Ligand SMILES: Cc1ncc(COP(=O)(O)O)c(C=O)c1O
């Protein structure tokens, strides 16, 4: 394949911004899809999106190739606007044009006259330009047409029958207008694939529950005598979905799962005590242990066949030299998406028994497990196991309501519930009205929506794994749950900070491997978005890692 070097600055800067315009067009085209891309919207003198982008490729070819580089390009400008085809074929031509542009500019002399004069029939600047001026003209054309393309998109999407748009196919303007951290922090030019939020509209039962509370003016103090209003709904759900007889009296409310872990560590360990936790792991857990001045004993999650396994032999050996008090288990696991089988959980329970470990089991991804994997709650292994286990979970991952800050702890050990209940009553805060209403609605009426999400995510997962496996040097093991993929790019860019590379060269905002205890040439990708954007992610990765 053609691999020309980047032209030097300031030409390199121009190429950078031309690439950004082409990125924006690629995203807009994928968002439109094959059907809409060849439709002329109901606007005066409008072109089809396909025609407009083909015209941009003509501009690049003619002005950079013919005028700057002196390569002879014969152009049929009118035919550009009539062109038709599929989105995939147009994007392939955009990618080829990026490479061609680099070749055409490899010999540019910005202050010299153009190597060919433009045909006066083609509208361009009305004054003589040197090669640098021609390059600016190309940039002006692409910026202008990118804007036009977005107008075409908005009009076409607004006119498309609403029913055609699945809730799992959100539009880019809708996503970009979000105020949450996922879309806000990376900035408008980046495609976010990082923090574990999903890109879909709220499930209808949750929406109704929240609107209902607001319309009733019910945002005052709630009437919630103990037990917590989520206690029985939680226990019912565990019985129905996972065949676990959780005890409603053991349930306490929390604002979030990470809070649950910190309270347990505070109540059961002292600074200097050791805590076992998987490595790699969810970043806030990795940080909580040193922040609370506890020592981490790593339970290594290692590659095994086409998935991952826990290195339990090494853990047992490590516990001999560094006895621990607590084992924090994340199952299903973040970032690998591994779901532990019953026999693996039992082996872990045996270790907990031998070393007298309190187990804190984070099962927040349990509702997002893909068949044939099955979630087994740790505490469901038996009464002895339940008596040393705190289960932490919430509806926030599966139903995408993390902003509502509501979770539950099921506290198996009697002595720990006593300590928990002896804390000053307000020291840990309290769950809010809307979070509880939303969680109740999710658990009571949300399973149809959830089944649709799981189906969609599974298809996205397969699409992503398939796309990534076609990139030389990139390796990913299929997650069995959740919407996060733990991706090894060390074969493509050994030792490189791949998250930064993807941000800078592909405008793809991923989570860096080191945040999870991984190497810099690993990233975590979030695929809870539209199929279109998952394909866009794969394309961006392929381009940056090529
Ligand atoms: C394994 C795991 N636990 C906990 C959380 C966060 O939960 P919370 O927001 O309730 O602290 C996440 C979020 O991604 C997670 O992946």
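The values are calculated or read from the model by the stated rules, or taken from the named source; none is laboratory data. Note that this is a predicted model, so its numbers are computed, not measured. When we count neighbours, we look across all protein chains shown, and the Cβ atoms used for this are built from the backbone with ideal geometry, even at glycine.
Scan region 322-359 for residues that are within 26 Å of the chain's Cα centre (by Cα) and within 16 Å of the ligand (Cβ to nearest atom) and report the count. Step through it out loud before you land on a result.
Our first condition is that a residue be within 26 Å of the chain's Cα centre (by Cα); within region 322-359, this holds for 328-341.
Then keep just the ones that are within 16 Å of the ligand (Cβ to nearest atom); that gives 328-340.
Looking only at that region, the number is 13.
For residue 92, the stated conditions hold: it is part of a helix (DSSP H, G or I), at pLDDT 90 or above and surrounded by fewer than 16 Cβ atoms within 10 Å (Cβ to Cβ).
There is no residue in region 265-282 that is touching a helix residue (DSSP H, G or I) at 6+ places or on another chain (Cβ under 6 Å), within 16 Å of the ligand (Cβ to nearest atom), farther than 15 Å from residue 358 by Cα and not in a loop (DSSP other than H, G, I, E, B).
Taking region 39-54 as the region of interest, how many residues are surrounded by fewer than 19 Cβ atoms within 10 Å (Cβ to Cβ) and modelled with pLDDT of 90 or more? Walk me through it before giving the result.
Taking region 39-54 first, the residues surrounded by fewer than 19 Cβ atoms within 10 Å (Cβ to Cβ) are 39-46.
With modelled with pLDDT of 90 or more added as a condition, the list becomes 46.
The qualifying residues number 1.
For (1) touching a helix residue (DSSP H, G or I) at 6+ places or on another chain (Cβ under 8 Å); (2) assigned to a helix (DSSP H, G or I); (3) more than 21 Å from residue 330 (Cβ to Cβ), each residue gets a yes or a no:
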| residue | (1), (2), (3) |
| --- | --- |
| 348 | yes, yes, no |
| 361 | yes, no, no |
| 375 | yes, no, no |
| 408 | yes, no, no |
| 427 | no, no, yes |
| 431 | no, no, yes |
| 439 | yes, yes, no |
| 453 | yes, yes, no |
| 460 | yes, yes, yes |
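Identify, from the list 294, 286, the residue that is more than 13 Å from the ligand (Cβ to nearest atom) and either more than 21 Å from residue 331 (Cβ to Cβ) or in contact with a strand residue (DSSP E or B) (Cβ under 9 Å, 6 or more places away or on another chain) (or both). Outline the logic, then answer.
Working: 286 fails: more than 13 Å from the ligand (Cβ to nearest atom).
Answer to the selection: 294.
Scanning region 276-306 for residues that are in contact (Cβ under 8 Å) with a residue 60 or more places away in the chain and surrounded by fewer than 16 Cβ atoms within 10 Å (Cβ to Cβ) returns 303, 306.
Go through region 15-53 and count every residue that is farther than 30 Å from residue 132 by Cβ and part of a loop (DSSP other than H, G, I, E, B).
Going residue by residue through region 15-53, those that are farther than 30 Å from residue 132 by Cβ are 30-46, 48-50.
Adding the requirement that they be part of a loop (DSSP other than H, G, I, E, B) leaves 37-46, 48.
Residues that pass the stated criteria total 11.
Are any of the residues in region 202-225 more than 16 Å from the ligand (Cβ to nearest atom), within 29 Å of the chain's Cα centre (by Cα) and assigned to a loop (DSSP other than H, G, I, E, B)? Among the residues of region 202-225, at least one is more than 16 Å from the ligand (Cβ to nearest atom), within 29 Å of the chain's Cα centre (by Cα) and assigned to a loop (DSSP other than H, G, I, E, B), which makes the answer yes. In the set (1) surrounded by fewer than 23 Cβ atoms within 10 Å (Cβ to Cβ); (2) touching a helix residue (DSSP H, G or I) at 6+ places or on another chain (Cβ under 9 Å), residue 486 fails one condition alone, (1). Checked against (1) within 16 Å of the ligand (Cβ to nearest atom); (2) over 19 Å from residue 239 (Cβ atoms), residue 378 passes all but condition (2).
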